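Asker: What follows is a single structure, and I will ask about it in a moment.
The values are calculated or read from the model by the stated rules, or taken from the named source; none is laboratory data. Predicted model only: the values in this text are computed from it and were never measured. Ideal geometry is used to build each Cβ from the backbone, glycine not excepted, and the neighbour counts take in all protein chains shown. Surface areas here come from the heavy atoms of the whole protein model, side chains and all, with no ligands, DNA or RNA. Shrake-Rupley method; radii C 1.70, N 1.55, O 1.52, S 1.80 Å.
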Amino acid sequence: MIAAAVLTVSDRSSAGARPDSAGPVAVSALREAGFDCDDATIVPDGADAVEHTLRELLASGIRFIITSGGTGISPRDETPEGTARVLERQIPGIAEELRRAGLAATPASMLTRGLAGVVGNALIVNLPGSPKAVAEGMPIVLSVATHVLSQLHGEDHS
C-alpha cells in the first residue's frame, strides 16, 4: 500500500479557531482509493511552514501528498511558493486541469495558483482550501496518481 498524506494549510485551523473541513475530504478520498493515509496534518499559512512539513513527510517515506489551502492570492497564501522549493519537476497539466475543471463550478477557480509535481519518487499536488474544491479535485488527481507513482518507481507504461 502506497503511503499518502494530506497537509492542510490554514492559519485559523492551525490555531484551533476553525475546524479543518477540507483535509478530511482528501483523506477520505485517498483511503477509498487504496492509499495508506493518516489524518491530515495542519500547519499555518506561509511558504516556510509548507516547505518544512513537505520535507518532513517525504523523509518519513510518504510518496503522495495532497495539500489543501493557501493557493489563492491573499498575502499569506504561499503554499505554491513553499511547494516550489521542494519540487524537482512540475507537472503543469495536473494543475491546469484542476483549474479548467473548476471553472464549471466557479470563476474564482482561475485564481488558484496551485502546483503539481514530483520530487524523487513522490507526487505532490496543491488543492484549494474549500471542501468543495477538494471533493471536485480529488477524482482528477486520483485519475493519474497511480500511473505517476508507478512511473516514478521505474515501471513501464501500461
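Asker: With the alpha-carbon atoms as the only input, what is the per residue convex hull volume for region 1-124 in Å³?
Answerer: 106 Å³
Asker: Hey, can you find the accessible area per residue of the chain for me, probe 1.4 Å, expressed in square angstrom?
Answerer: 49 Å²
Asker: DSSP loop GluC sites (Glu not before Pro) in region 38-96 with at most 14 other Cβ atoms within 10 Å of their Cβ, which ones?
Answerer: Answer by residue number: E88.
Asker: How many percent of the accessible area of the chain is carbon or sulfur, using a 1.4 Å probe?
Answerer: Answer for the chain is 55 percent, counting heavy atoms of protein chains only.
Asker: Related question: Let me have the relative contact order for region 1-68, percent, based on Cα pairs under 8 Å that are six or more residues apart.
Answerer: Reported as a whole number, the value is 52 percent.
Asker: What FRET efficiency would be calculated for the residue pair D36, K132, taking the C-beta separation as r and a Förster radius of 22 Å, to the nearest 0.05?
Answerer: Using R0 = 22 Å, I get an efficiency of 0.30.
Asker: Assign unit charges at the C-beta atoms only (+1 for Lys and Arg, -1 for Asp and Glu), then state the dipole size of the chain relative to its Cα centre in Debye, rounded to the nearest 20.
Answerer: Charge dipole, the chain, about its Cα centre: 300 debye, nearest 20.
Asker: Okay, next question. With labels modelled as points extended 7 Å from the Cα through the Cβ direction, what inter-label distance (nm, one decimal) is found for H52 paired with Q151?
Answerer: 3.4 nm
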